[in-house]
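Peer 1: This is the structure, below, for whatever I ask next.
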């Protein structure tokens, strides 16, 4: 409990005191599947907290949202478009 | 490249990866785009050209063509298979059109409500201003006669200052609404 595996959060109590609370560490930021850049729009929360969020607050609305960064997903769509029209 | 009738793929936003047609070209690198929704789930909307990827296909449609016209053009050019979609049934087209109609009706109602509310507010504000101006005019008229007793010898000039004061008040009343 006193090791650094828990993060320490200072909390003000109603009595005016400052108390240290020991909380579990938050997971790392979600990363893009192809370029490994951290994704924005994906909250850094423990799974129990994530489950309480609505779906729209957990990832961007676009296809591959929360998996690929916007620039990578755009490239992917571009490639898909090219392939599709070359094959047909 | 981005002319009316060009088939494009959207590369950004929730409709990314879906095909659409350019229906109108607007200023500032924007175009009007439609799936139509019954065919590719792309709503008729304004779209930045940077968020589109053009394809080699062009269909012949008029500027601001309706969704039915676009579907007819798809049929002529045999594009449903190439876009990876099937030709929508009458029910799907109807459902999409109904949705659009409902959305428009609700937005129209909201707009009308807004307009009427604004008019009411304006009228109320005007009335308040008028009442205030009246009060100001009254006060000025009441305040003006004070200098009159200083010149009690001539009755006529004493009566005169009242009128300019009233005129001033009316002039103010005319000027102030313009500022607001």
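Where a number appears in this text, it was derived from the coordinates with a stated rule and is not lab data. Model, not experiment: these values are computed from the prediction. Using ideal geometry, Cβ is built from the backbone for each residue, glycine included, and neighbour counts are taken over all protein chains shown.
Peer 1: Could you line up B:93, B:7 from fewest to most neighbouring Cβ atoms inside 10 Å?
Peer 2: Working: B:93 18, B:7 21.
So the residues, fewest neighbours to most, are B:93, B:7.
Peer 1: Let me ask something else. From the P(r) of chain A, could you give the percentage of C-alpha pairs in the tail past 19 Å? Walk me through the numbers before you get to the answer.
Peer 2: On the way: 2302 of 3828 pairs.
In whole percent, the long-distance tail amounts to 60.
Peer 1: Run lengths n ≥ 4 of DSSP H only: what is the helix-derived mean residue ellipticity at 222 nm for the protein assembly as shown, with -39500 (n - 2.57) per run over all residues, to the nearest 500? Spell out each step's value before the answer.
Peer 2: Details: 7 runs with 114 residues, N = 268.
One gets -14000 deg cm²/dmol as the mean residue ellipticity at 222 nm.
Peer 1: With axes computed from alpha carbons, what is the tilt in degrees of helix A:70-87 against the longest principal axis of chain A, rounded to the nearest 10 within 0 to 90?
Peer 2: Relative to chain A, helix A:70-87 is tipped by roughly 20 degrees.
Peer 1: Just checking the output field for B:9-19: average partner chain Cβ neighbours within 10 Å of each residue's Cβ?
Peer 2: Working: counts 7, 3, 10, 5, 6, 5, 3, 11, 8, 2, 2.
Mean shielding by partner chains, rounded to a whole number: 6.
Peer 1: While we're on this one: Only counting other Cβ atoms within 10 Å, I'd like A:64, A:22, B:74 sorted with the fewest neighbours first.
Peer 2: Lowest to highest Cβ neighbour count: A:22, A:64, B:74.
Peer 1: On to the next question. Once the Cα gyration tensor of region B:1-149 is found, what semi-axes does its equivalent ellipsoid get, as square roots of 5 times the eigenvalues, in whole Å, sorted largest first? Kindly include the intermediate steps, with their values, before the conclusion.
Peer 2: On the way: eigenvalues 659, 66, 26 Å².
For region B:1-149, the semi-axes come out at 57, 18, 11 Å.
Peer 1: Would you mind telling me which residue in A:78, A:26, A:59 has the biggest mean-square fluctuation in a Gaussian network model of chain A, where springs connect alpha carbons within a distance under 10 angstrom?
Peer 2: Largest GNM mean-square fluctuation: A:78.
Peer 1: Starting from one equal scatterer on each C-alpha and no solvent at all, send me the Debye-based log10 I(q)/I(0) for region B:6-88 at q = 0.19, 0.22, 0.23 Å⁻¹, two decimals.
Peer 2: -0.74, -1.02, -1.12
Peer 1: Give me the inter-chain shielding for B:44-57: mean count of other chain Cβ atoms within 10 Å, whole number please. Intermediate results must be reported in sequence, preceding the final value.
Peer 2: Values: counts 0, 0, 0, 0, 0, 0, 1, 1, 0, 7, 2, 4, 2, 2.
Partner Cβ neighbours, averaged per residue: 1.
Peer 1: Rounded to the nearest whole Å³, what is the per residue volume of the convex hull around the Cα atoms of the protein assembly as shown? Show your work: numbers first, answer last.
Peer 2: Numbers: hull volume 81.2 nm³, N = 268.
Expressed per residue, the convex hull around the Cα atoms of the protein assembly as shown is 303 Å³.
Peer 1: When you count, for each residue, the other Cβ atoms within 10 Å and take the mean per peptide, how do B:84-91, A:46-53 rank with the highest first?
Peer 2: Working: B:84-91: 12.5, A:46-53: 10.0.
In decreasing order of mean packing, B:84-91, A:46-53 become B:84-91, A:46-53.
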